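Peer 1: Okay, handing you the structure first.
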Amino acid sequence: MPDAERNDAQVIPIGTSGRPGRGTGRDRPSSAARGLAATSKPKARSKPTAQKTAPKPAAAKPVAPKPAAVEPATAPPEEQPSAVPPSTPGREAATTEGRHPLAGVPVGDWLSAFQTAAVEVFGEQWERRLAEMMAFVRRRLAGEYVVDEYGFDSEVTERFFMAALRPIAEKWFRVEVRGVENIPTTGGALVVSNHSGTVPVDGLMTMLSVHDETGRFLRPLGADLVFRMPVVSTLARKGGATLACTEDAERMLSGGELVGVWPEGFKGIGKPFSERYRLQRFGRGGFVSAALRTGVPIVPLSVVGAEEIYPLVGNIPSLARLFGVPYLPITPFFPLLGPLGLVPLPSKWLLEFGEPIRTDAYSAAEADDPMLVFNVTDQVRETIQQTLFSLLRQRQGVFR
């Protein structure tokens with residue numbers, strides 16, 4: 001082939017991905033590459049560089065097609081030269097390098113995924129629940145909420161505290177409530193319950209059960225230790241608790257609140273497992289005096305199932321005095337298993353509200369009669385104790 005024709009032909013050197021002069025820094029291939037490519041005899045065509053040596057008017061010469069668009073007609077498929085390889089890892093990485101991973105997801109798919117997630121979290125009424133949550137957040141940020149004189153925040157209690165306790169009561173303890181009709185729907189009343197469980201979880205379950213069954217908030221009377229603890233005291237105030245003193249109890253009862261009291265105190269929740277479901281002393285009957293002065297009914301409550309969540313088998317009095325707590329419990333799983341031992345056992349709970357004991361037949365002055373207070377206190381205690389024995393006989397098992 002003449003040199004002039006060879007210079008005008010397209011030369012594709014071997015191993016250069018179809019790019020003339022690759023690796024040499026020049027547009028034209030080397031003489032060795034031209035010698036290797038001479039046997040393929042591709043169809044001759046003008047090179048773009050030829051325009052530099054022999055320029056012609058733009059109107060007289062059509063634009064030359066790209067080299068990749070021209071292929072020899074006689075070459076078999078496996079021998080066909082290609083300007084761009086069919087698959088080059090470097091080229092694929094270059095095309096997807098700057099692409100956002102979420103750029104190809106349609107907006108409709110995002111909306112469908114959001115709706116599915118909302119249904120899973122909030123249920124079928126997810127739109128209403130989501131709107132309520134947004135309105136709640138707006139009110140909290142704007143300060144448009146009410147807290148009573150005791151620090152009780154009903155909105156936070158219902159939306160967060162109750163919502164967090166409800167799965168535990170329904171799925172873990174499987175709480176069964178009886179005698180709800182004995183709780184007054186309006187007006188003040190005093191709920192008196194036995195106390196047990198090493199940790200006062202029974203008070204939380206009672207508050208949740210009363211609210212879910214009647215729609216009313218139970219305002220518990222707490223011990224001094226509860227309000228000396230930094231975080232617990234704030235949560236207790238927001239949840240509706242107040243100090244267990246006669247003055248606060250009378251003010252709440254006179255205001256038409258449903259008040260809860262656990263007269264056994266720490267003696268009840270800290271008693272050994274061998275003394276389970278045997279009531280301790282009910283103190284001096286201060287709760288009865290408050291009920292007599294305000295004339296509200298006393299509703300006895302018996303709770304079965306709380307004794308088994310943390311079976312108390314021992315105590316460390318020296319460490320308890322060091323930490324300033326009434327007792328430091330030892331259970332079959334704590335402190336042996338560490339934090340895992342703090343998980344309560346899933347016992348079956350039964351809550352039964354007894355028939356109210358009326359106090360409106362007495363005058364407020366009779367609240368100072370020690371014998372009357374003792375008799376009413378003993379009546380309430382005996383009612384709870386007998387109901388506990390009855391529930392224990394009816395219970396089929398501790399965990400079912």
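Peer 1: Give me the percent of Cα-Cα pairs in the stretch 267-364 that sit more than 20 Å apart, rounded to a whole number.
Peer 2: In whole percent, the long-distance tail amounts to 55.
Peer 1: Let me ask something else about it. To make sure I understand, if each residue's beta carbon is the centre and we count other beta carbons within 10 Å, what order do 393, 276, 139, 381 fall in, fewest to most?
Peer 2: With the sparsest Cβ surroundings first, the list reads 393, 139, 276, 381.
Peer 1: For the stretch 327-378, treating each Cα as an identical point scatterer without solvent, what Debye log10 I(q)/I(0) comes out at q = 0.15 1/Å?
Peer 2: Log-scaled intensity ratios, in q order: -0.67.
Peer 1: Lys and Arg at +1, Asp and Glu at -1: add these up for the other residues within a Cβ distance under 12 Å of residue 180 and post the number.
Peer 2: Net local charge, residue 180 excluded: -3.
Peer 1: Something else now. Compute the signed sum of charges (Lys and Arg +1, Asp and Glu -1) over the other residues within less than 12 Å, Cβ to Cβ, of residue 231.
Peer 2: +3
Peer 1: So how do 133, 207 line up by other beta-carbon neighbours within 10 Å, fewest first?
Peer 2: 133, 207
Peer 1: Within the stretch 150-171, what residues put their amide N at less than 20 Å from the label point 7 Å along the Cα-to-Cβ vector of residue 333?
Peer 2: Answer for this model: 165-171.
Peer 1: Which value, in Å to one decimal place, does the Kirkwood hydrodynamic radius take for the stretch 208-342 when every pair of different Cα atoms is included?
Peer 2: One decimal place: 16.9 Å for the Kirkwood radius.
Peer 1: Between residue 266 and residue 130, what is the label-to-label distance in nm when each label sits 7 Å out along the Cα-to-Cβ direction?
Peer 2: About 4.9 nm, to one decimal.
Peer 1: When the Kirkwood hydrodynamic radius is evaluated over all pairs of different C-alpha atoms of the stretch 347-400, what value in angstrom, to one decimal, is obtained?
Peer 2: 13.5
Readers should treat all values here as calculations from the given coordinates under stated rules, not as data from a laboratory. Here the structure is a predicted model, which means the values were calculated and not measured. A quick note on method: Cβ atoms are made from the backbone with ideal geometry, for glycine too, and the neighbour counts reach across all protein chains shown.
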